Amino acid sequence: MKGYAFITGANGGIGQALVRTFHDAGYQVIATDITDQLADLPCAHFIQADLGRLVEDETYGAGILECIRGWLQNNGLNVLINNAAIQILGGTDKLTRTDWRQSLNVNLLAPFFLTKSLLPELEAARGCVVNISSIHARLTKRNFVAYATSKAALSGMTRALAVDLGARVR
């Protein structure tokens, strides 16, 4: 076994490919998704998690992290892949505060808080963090203002984390 990989957004297309790829490479995969039914994926552990709630509710977030740490059994975390995203589409005149809050919580703040919270486990394994952004961070189209903004912020945060934490952040 090469170690542990924690992948958010496991039920989406990219998430499923990541789970399969890391499993095939010899990792024990811990997967999460907002849906409670995991696709037929080869993961060692799955936890249903609402990443927006993880940001807003510290008790809920602590419970999710406790599960992850229990599965790691003090082995450290080799890879954290922040893949989960919410894509709320709407024109500037239609987006609500709730739309913005959800977009920023899931696409930006959850990756930050997961990275921060799992730093001891990542450092123990000399692990790395991979944040999945989007072409919309640089080139976007109509009605993508919340999504594009959140992904551009994620790209900026990733660069800043790499300055703070080193080259193992991508």
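Can you find, among Ala62, Ser133, Ala5, the residue sitting farthest towards the positive end of the charge dipole of the chain, where Lys and Arg contribute +1 and Asp and Glu -1 at Cβ? The residue sitting most towards the positive pole is Ser133. Sorted ascending by nearby beta carbons within 10 Å, beginning with the fewest, Ile64, Ile14 become Ile14, Ile64. Rounded to whole numbers, the Karplus 3J(HN,Hα) couplings from phi for the stretch 59-66 are 5, 4, x, 4, x, 5, 5, 4 Hz, using 6.51 cos²θ - 1.76 cosθ + 1.60 with θ = phi - 60°, and x at Gly and Pro.
One way to sum up the overall shape of the stretch 3-165 is the equivalent ellipsoid from its Cα gyration tensor, whose semi-axes run 26, 16, 16 Å, largest first. The label-point distance for Asp164 and Lys141, in a model that sets each label 7 Å from Cα toward Cβ, rounds to 3.5 nm. Only helices enter the 222 nm calculation for the chain: every DSSP H run of n ≥ 4 contributes -39,500 (n - 2.57), and dividing by all residues gives -13500 deg cm²/dmol, rounded to 500. Note on Arg126 and Tyr60: the extension gain reaches 21.1 nm, defined as 0.36 nm multiplied by sequence separation minus the Cα-Cα distance. How large is Rg/Rh for the stretch 80-170, to two decimals, with Cα atoms and a Kirkwood Rh? In the stretch 80-170, Rg relative to Rh is 1.03.
Using a Gaussian network model of the chain whose springs link C-alpha atoms within less than 10 Å, name the residue from Gln37, Gln102, Gln16 with the highest mean-square fluctuation. The residue that fluctuates most here is Gln37.
Under 19 Å from a label point set 7 Å out along the Cα-to-Cβ vector of Gln48, the amide N atoms of the stretch 81-104 belong to 84-86.
Taken over the stretch 8-88, the ratio of Cα radius of gyration to 2.2 N^0.38 Å equals 1.06.
Comparing Gly15, Gly63, Gly127 in a Gaussian network model of the chain (Cα springs below 10 Å), the most mobile by mean-square fluctuation is Gly63.
For the options Ile81, Ile135, Ile34, a Gaussian network treatment of the chain with springs between C-alpha atoms closer than 10 Å singles out Ile135 as fluctuating the most. Counting neighbouring Cβ atoms within 10 Å and putting the fewest first, the residues Tyr27, Tyr60, Tyr4 line up as Tyr60, Tyr27, Tyr4. When every Cα-Cα distance of the stretch 119-163 is counted in 10 angstrom steps from zero, the calculated P(r) takes the values 26, 40, 22, 10, 1 percent. Treating each Cα of the stretch 43-83 as one equal point scatterer and applying the Debye formula with no solvent, the log10 of I(q)/I(0) at q = 0.17, 0.24, 0.32 Å⁻¹ comes out as -0.50, -0.96, -1.21.
Here, each number is a calculation from the coordinates, and none is a lab measurement. All figures in this text were calculated on a predicted structure; none of them were measured in a lab. Ideal geometry is used to build each Cβ from the backbone, glycine not excepted, and the neighbour counts take in all protein chains shown.
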